[in-house]
């Protein structure tokens, strides 16, 4: 009988599935990929051979004020490796440059000092200037209109820089196609009104606003336009495996370098929903463990992989530690106050783009998942909170599977395992 290791927080949970019920394990080939160089050398090589731009050290020549956009606590970006190498490149071209590391919090909560130190290490924390983006701050710059018509507002500190660059990582993204690249600007350092307009219900429901799709994706189109308007001159993005290790790096133009990384990733993380034929009755999925499973809000990303792998009316078992609880007050309030999912979705679709509510996009996708399958949620979050979010709480995988069997009325339901739902692109 196959035993699957499921990431959960900073540990893994083994679970054995009877052979007769095992539909398959959906795992990105990327996790078995072994690079022929060290993580540092992969990043160095990317920085030395940028795509579509001069080398960063050349671009930094004569620049006095440089802003480096870095990811926040919700992203497993190996910043300890990427950022020091980027700083070294910048200072090679401009030894006296005034450099600020701007944390792209988007509309997330502030990253704590402890989280920053874990991300960058104590030396960088001591030696560099680090500023948290605040999407509600009046210290912003208006750059005009997005292709969709929304106003583009970004962090003023970034706009006052002579050179704006960004680090990041590329993974499948459930409505932007892929993370990384242009997302450092929108939503990373954009104003709240800009973010919510870009994430409007019409765009979220668009058939091209899906995992692995860039071309024709209205959300991506706005994001790339924002990055160009903000003069994002250079990026260094990586692809990581399940151990959060760098296995690929690309650098240079915010679109060309990003697409190179997305192409590498796509080739290795597409999996078929039913490798043994057809979708499963039950899908067990995670958000890849820490740091992506810190709250219920973020766990919706992994749920969408299970949505594609489980039959209509089946059961999704989501394993996400969720030590931060729901992670988004408006997201929680939406489900706690409205029990009718059809009415909720109808309200979203009737909401004008400019009136998009905070976290409406996540609620819209979550409601779509809940309409497709029942959801059992194993976490450290309070049971009442889980129930308020229209899910059934569980405290072990064994308990969750037994609950799923009761829901389905059978002890022989087929099971698909997805150890890292944010790392795969599930296709029919």
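The values are calculated or read from the model by the stated rules, or taken from the named source; none is laboratory data. Keep in mind it's a predicted model, so treat the numbers as computed, not measured. Ideal geometry is used to build each Cβ from the backbone, glycine not excepted, and the neighbour counts take in all protein chains shown.
For the stretch 236-272, how many residues are at pLDDT below 95, in contact with a helix residue (DSSP H, G or I) (Cβ under 7 Å, 6 or more places away or on another chain) and in a helix (DSSP H, G or I)?
The number of residues fulfilling the criteria is 3.
Being outside any strand (DSSP E or B), out of contact with any helix residue (DSSP H, G or I) (no Cβ under 8 Å at 6 or more places or on another chain), closer than 29 Å to residue 151 by Cα and assigned by TED's automatic domain parsing to the domain that holds residue 13: is that true of residue 333 here?
Answer is yes for this residue.
Quick check on my filter: what residues within the stretch 100-129 are free of Cβ contacts under 8 Å to residues at least 60 places away in the same chain, under 17 Å from residue 88 (Cα atoms) and either assigned to a strand (DSSP E or B) or not assigned by TED's automatic domain parsing to the domain that holds residue 87 (or both)?
101, 129
Identify, please: which residue in the stretch 4-31 is out of contact with any strand residue (DSSP E or B) (no Cβ under 7 Å at 6 or more places or on another chain) and over 18 Å from residue 305 (Cβ atoms) and is, among those, surrounded by the most Cβ atoms within 10 Å (Cβ to Cβ)?
Within the stretch 4-31, the match that is surrounded by the most Cβ atoms within 10 Å (Cβ to Cβ) is 9.
Which of the residues spanning the stretch 301-323 are under 16 Å from residue 425 (Cβ atoms) and under 19 Å from the mean Cα position of the chain (by Cα)?
Within the stretch 301-323, 301, 302, 303, 304, 305, 306, 307, 308 meet the criteria.
Would it be correct to say that residue 233 is in the same structural domain as residue 207 (by TED's automatic domain parsing), farther than 30 Å from residue 411 by Cα and outside any helix (DSSP H, G or I)?
Against the criterion (in the same structural domain as residue 207 (by TED's automatic domain parsing), farther than 30 Å from residue 411 by Cα and outside any helix (DSSP H, G or I)), residue 233 qualifies.
For the condition more than 17 Å from the chain's Cα centre (by Cα) and buried (at least 23 other Cβ atoms within 10 Å of the Cβ), what is the one hit in 134, 200?
Matching residue, one of 134, 200: 200.
Among (1) assigned to a loop (DSSP other than H, G, I, E, B); (2) over 26 Å from the mean Cα position of the chain (by Cα); (3) closer than 16 Å to residue 369 by Cβ, there is one condition residue 411 misses while meeting the rest; what is its number?
The one condition residue 411 does not meet is (3).
Given the structure, is residue 173 under 18 Å from the mean Cα position of the chain (by Cα) and closer than 26 Å to residue 30 by Cβ?
Working: under 18 Å from the mean Cα position of the chain (by Cα): yes; closer than 26 Å to residue 30 by Cβ: yes.
Yes.
Collect the residues in the stretch 365-374 that are in contact (Cβ under 8 Å) with a residue 40 or more places away in the chain and more than 21 Å from the chain's Cα centre (by Cα), keeping them in residue-number order.
Result: 372, 373, 374.
Out of the stretch 190-225, which residues are assigned to a loop (DSSP other than H, G, I, E, B), more than 23 Å from residue 109 (Cα to Cα) and out of contact with any strand residue (DSSP E or B) (no Cβ under 6 Å at 6 or more places or on another chain)?
Scanning the stretch 190-225 gives 205, 206, 207, 208, 209, 210, 215, 216.
Would you mind finding the one in 1, 30 that is touching a helix residue (DSSP H, G or I) at 6+ places or on another chain (Cβ under 7 Å), closer than 30 Å to residue 413 by Cα and assigned to a loop (DSSP other than H, G, I, E, B)?
1
Working carefully through the options 187, 138, find the one that is in the same structural domain as residue 112 (by TED's automatic domain parsing), over 24 Å from residue 117 (Cα atoms) and part of a loop (DSSP other than H, G, I, E, B).
None of the other options fit; the residue is 138.
Of the residues 301, 244, 312, only one is outside the structural domain of residue 145 (by TED's automatic domain parsing), surrounded by fewer than 20 Cβ atoms within 10 Å (Cβ to Cβ) and either within 28 Å of residue 144 (Cβ to Cβ) or touching a residue at least 60 places away in the same chain (Cβ under 8 Å) (or both); which?
312
Quick check: is even one residue across the stretch 351-364 assigned to a helix (DSSP H, G or I), without any contact (Cβ under 8 Å) to a residue 12 or more places away in the chain and touching a strand residue (DSSP E or B) at 6+ places or on another chain (Cβ under 6 Å)?
Filtering the stretch 351-364 down to residues assigned to a helix (DSSP H, G or I) leaves 353-355, 360-364.
Checking which are without any contact (Cβ under 8 Å) to a residue 12 or more places away in the chain leaves us with 355.
Then drop every residue that is not touching a strand residue (DSSP E or B) at 6+ places or on another chain (Cβ under 6 Å), which leaves none.
Looking for residues that are assigned to a helix (DSSP H, G or I), without any contact (Cβ under 8 Å) to a residue 12 or more places away in the chain and touching a strand residue (DSSP E or B) at 6+ places or on another chain (Cβ under 6 Å), one finds none in the stretch 351-364, hence no.
Residues of the stretch 142-171 being assigned to a strand (DSSP E or B), in contact (Cβ under 8 Å) with a residue 12 or more places away in the chain and surrounded by fewer than 16 Cβ atoms within 10 Å (Cβ to Cβ), which ones?
Across the stretch 142-171, the qualifying residues are 144, 151.
Condition test on residue 313, is it on the phi > 0 side of the Ramachandran plot and outside any loop (DSSP other than H, G, I, E, B)?
When the stated conditions are applied, residue 313 passes them.
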